[in-house]
1. Considering only PRO76, PRO61, PRO118, give the residue with the highest GNM mean-square fluctuation for the chain, with springs between Cα atoms whenever their separation is below 10 Å.
2. Just tell me the longest site-free run in the chain, where the sites are GluC sites (Glu not before Pro) in a DSSP loop having at most 14 other beta-carbon atoms within 10 Å.
3. Within the P(r) computed for the stretch 32-141, what percentage of the Cα pairs occupies the region above 21 Å?
4. Quick one: order LYS13, LYS69 by neighbouring beta-carbon count within 10 Å, fewest to most.
5. Lys and Arg at +1, Asp and Glu at -1: add these up for the other residues within a Cβ distance under 14 Å of LYS88 and post the number.
Amino acid sequence: MSLLKCAGEVLEKTLPEGLTLSTTSVLLHAVVVSHFLDVERFKEFHCEPKDAGEEARISYPKIAAFMIKWVAKIRPFRVELDPNSGEKITAVEWDFYSVQINALIAPILYAMITNQPPFEDYRIIHELQFGNLGTDALVLLLER
C-alpha cells in the first residue's frame, strides 16, 4: 500500500494549483489484494521454481502490469477541488478526471516497480483511460 501512496504523492506534485489527490485505505487495500491474488495465480499456473523449495519468480514488468491493471479498474485515486477556488466541475468531468488520474499513475508505478525510467508510450495511458486493456496486452507492451 505504501507503494501506491508514494506514487500518488509523486502524481499530486504535478497537479494544477487548487487540485489535490485523495484516496481511501479501503480502495488501496482492494488494489493490493487484487494484485497479490493475480500474481499468486500467475505464479501457480505459469512459473516453475528453479530448485526444490525455491519460490517461483515473476518479472518486474509483469508485476507492474498486474498493479497497473487493478489501479485502472478500481480507480483508487480521486481529484479534489479546493472549495475556495471558485471553480465548478460537472459530474462528467469528475469521472473523466478520475479515469485520467488513475491512468496517469501507470508510468510512475512502472518506474517504481521495475527501477527503470517511466515509460513514455502514451498509447498505454490512452488505452487505460478509454479502452479495455487486458493483462496480457499490458504485459506485452511493458516488456518491450
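1. Answer for the Gaussian network model of the chain: PRO118.
2. 18-53
3. Summing the P(r) of the stretch 32-141 above 21 Å gives 44 percent of all pairs.
4. Final ranking by Cβ density, sparse to dense: LYS13, LYS69.
5. Values: positive: none; negative: GLU80, ASP82, GLU87, GLU93.
Neighbour charge sum, excluding LYS88 itself: -4.
Taken together, the values in this text are just the output of simple stated rules run on the coordinates, not laboratory data. Owing to the predicted nature of the structure, the values given are computational and were not obtained by experimental measurement. Positions of Cβ are generated from backbone atoms using ideal geometry, with glycine treated the same way; all protein chains shown enter the neighbour counts.
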